[in-house]
Amino acid sequence: MAILCPSTAIYHLLFSSLLLFFSCYVSGIPVYGAEEGKDGFHSTPVSSLLPKNKCSTSARGGSQGLPITQKYGPCSGSGHSQPPSPQEIFGRDESKVSFINSKFNQYAPENLKDHTPNNKLSYEGGSFLVGVGFGTPPQKFTLILDTGSSITWTQCKACVNCLQDSNQFDSSASSTYSFGSCIPAVEDNYSITYLDKSTSEGSYGCDTLILEPSDVYPKFQFGCGRNNKGDFGSGVDGMLGLGQGQLSTVSQTASKFNKVFSYCLPEEDSIGSLLFGEKATSQSSSLKFTSLVNGPGTSGLEESGYYFVKLLDISVGNERLNIPSSVFASPGTIIDSGTVITRLPQRAYSALKAAFMKAMAKYPLSNGRGKENDMLDTCYNLTGTKDVFLPDIVLHFGDGADVRLNKTNIVWGSDESRLCLAFAGNSELTIIGNRQQLSLTVLYDIQGRRIGFGGNGCSK
């Protein structure tokens, strides 16, 4: 019989304990947008939190999918010389949030009687661009990616009012184009008025949609805009609708892609990717999933237009805030690629703000509020600070999908004298904006009624 000496027995005991601890820890690990730090914090260079003006040499987001760039980022190549100021960004963001709030206020019980929802208004607030092709041979266009819109449209030749520095689709140059709707019970003409008074009007047409050389879809219906007004951005040709309506790209390509797509929204100096079908589901084993739920006043996912999920709670620095889940439940929580800053119900935002300020107590606050339209009210002056210890923030969704946010998902700032918590309060609706989605893989499986989150970054 073998006899272990005391030192050997102690070694085996320690090794077994460590192995047991590691196994338990891994089984409950959340999705990471950043490496976990000690005690719920991670050290981050302040310089990495500031705007970048050069496209990273390692920017390409993986080997598959449509490249995604930020509209005003250095990787877009769309000719944007002067990005909007933070005040302009926040002003537009507030307008979009007001629009979304008003849309779902239509379904409040006191507003339902004798009321017909206004579904002809939309909002152009997209921050991310993708390139697609229409026609045979393909004509290439740069479109705004938007999960809150259903109609895909692009500017067409012989437009009466034309977008600045934008391409025009020439239907006469495509051998596969047909005029009018190819979807039953849909009219041949369309008209979209955005809340900022931008418009796109024209007729529907059907032609081949080319996402990638291997992803080609025939008889895709899109708007051929001949009267386009407003500031969609220099070099932008139209909109790629990834919402849940009948005319959305997701719905029209369902027979090929099974209503599955994923994206990784890039930081400004990098390039993300948009994937459809099997290419998107190939990532699913590494994701944490939460269920899609019906929006207020609806009986199905498609009716709500937006993608609703259940947010249950938030953690800051490894401590749960224990916000009652009912705070997020009515009218609910949406995932939106067009809203920039995440909005929380006021009660939830107050709890997050208090916990964040406690965690950041060693750093000096920035004096006063920002300029007009600046809704960020928890800001720090990190001038002269090389590295900052930021608390981890985790969003706890239903079905055990815990999403730990990346460092750039947590704060926003244009210079080191004013770096702010990148969340804001809202009246009721919770909106998970694109700032909090940066560098996360987000997979939409509509037929499976679920959304998945992964934290490997856009370069993986």
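Descriptive notes on the structure:
- Segments classed as helices (runs of 4 or more DSSP H), wholly inside the range 228-310, with at least 1 members that are within 20 Å of the chain's Cα centre (by Cα) and over 23 Å from residue 65 (Cβ atoms): 301-304
- Test for residue 124: is it under 20 Å from residue 241 (Cα atoms), part of a loop (DSSP other than H, G, I, E, B), at pLDDT below 95 and open to solvent by less than 40 Å² (accessible area, probe 1.4 Å): yes
- Residue match in the range 99-113 (condition: open to solvent by less than 20 Å² (accessible area, probe 1.4 Å), modelled with pLDDT of 75 or more and outside any loop (DSSP other than H, G, I, E, B)): yes
- Residue within the range 193-214 that is in contact (Cβ under 8 Å) with a residue 40 or more places away in the chain, out of contact with any Pro (no Cβ under 9 Å at 6 or more places or on another chain), open to solvent by 40 Å² or more (accessible area, probe 1.4 Å) and not in a loop (DSSP other than H, G, I, E, B) present: yes
- In the range 447-456, the residue that is modelled with the highest pLDDT out of those that are open to solvent by 20 Å² or more (accessible area, probe 1.4 Å) and under 16 Å from the mean Cα position of the chain (by Cα) is 450.
- A residue that is farther than 27 Å from residue 244 by Cβ, β-branched (Val, Ile, Thr) and surrounded by fewer than 20 Cβ atoms within 10 Å (Cβ to Cβ) occurs somewhere in the range 379-386.
- Of everything listed in (1) in a strand (DSSP E or B); (2) on the phi > 0 side of the Ramachandran plot; (3) of a type in the set (Ser, Thr, Tyr), the single unmet condition for residue 444 is (2).
- Residue within the range 272-294 that is among the polar types (S, T, N, Q) and touching a Lys or Arg at 6+ places or on another chain (Cβ under 6 Å) present: yes
- The set of residues in the range 417-431 that are part of a strand (DSSP E or B) and open to solvent by 10 Å² or more (accessible area, probe 1.4 Å) comprises 418, 425, 426.
- Within the range 36-62, tally of residues that are at pLDDT 90 or above, under 14 Å from residue 269 (Cβ atoms), open to solvent by less than 40 Å² (accessible area, probe 1.4 Å) and not hydrophobic (A, V, I, L, M, F, W, C): 1
- The lone exception for residue 376 - which of (1) at positive phi; (2) assigned to a loop (DSSP other than H, G, I, E, B) it fails: (1)
- When residue 218 is tested against (1) modelled with pLDDT of 95 or more; (2) open to solvent by 10 Å² or more (accessible area, probe 1.4 Å); (3) touching a Gly at 6+ places or on another chain (Cβ under 6 Å); (4) of a type outside the set (Gly, Ala, Ser), only condition (3) is not met.
- A Cβ distance below 7 Å, combined with a sequence gap of six or more or placement on separate chains, defines the contacts here; from the range 130-145, residues that are of a type in the set (Ser, Thr, Tyr) reach residues that are open to solvent by less than 40 Å² (accessible area, probe 1.4 Å) and part of a strand (DSSP E or B) in the pairs 136/208; 142/129; 142/131.
- Positions within the range 205-227 being within 25 Å of the chain's Cα centre (by Cα) and β-branched (Val, Ile, Thr), in sequence order: 210, 216
- Candidate set from the range 186-204 (those that are under 20 Å from residue 233 (Cα atoms) and among the charged types (D, E, K, R)); member that is farthest from the chain's Cα centre (by Cα): 201
- Of the residues making up the range 146-185, those that are farther than 24 Å from residue 234 by Cβ, at pLDDT below 90 and either surrounded by 13 or more Cβ atoms within 10 Å (Cβ to Cβ) or small (Gly, Ala, Ser) (or both) number 2.
- Some residue of the range 311-332 being within 25 Å of residue 250 (Cβ to Cβ), modelled with pLDDT of 95 or more and open to solvent by 10 Å² or more (accessible area, probe 1.4 Å): no
- When the residues of the range 397-410 are filtered to those that are more than 19 Å from residue 284 (Cα to Cα) and open to solvent by 10 Å² or more (accessible area, probe 1.4 Å), the one that is nearest to the chain's Cα centre (by Cα) is 406.
- Scan of the range 333-348 for residues that are part of a helix (DSSP H, G or I) and open to solvent by 10 Å² or more (accessible area, probe 1.4 Å), ordered by number: 346, 347
The values are calculated or read from the model by the stated rules, or taken from the named source; none is laboratory data. This is a predicted model, so every value here is computed, not measured. Please note: Cβ atoms are built from the backbone with ideal geometry, for glycine as well, and neighbour counts cover all protein chains shown. Areas reflect the complete protein model, heavy atoms only, side chains present, ligands, DNA and RNA absent. Shrake-Rupley method; radii C 1.70, N 1.55, O 1.52, S 1.80 Å.
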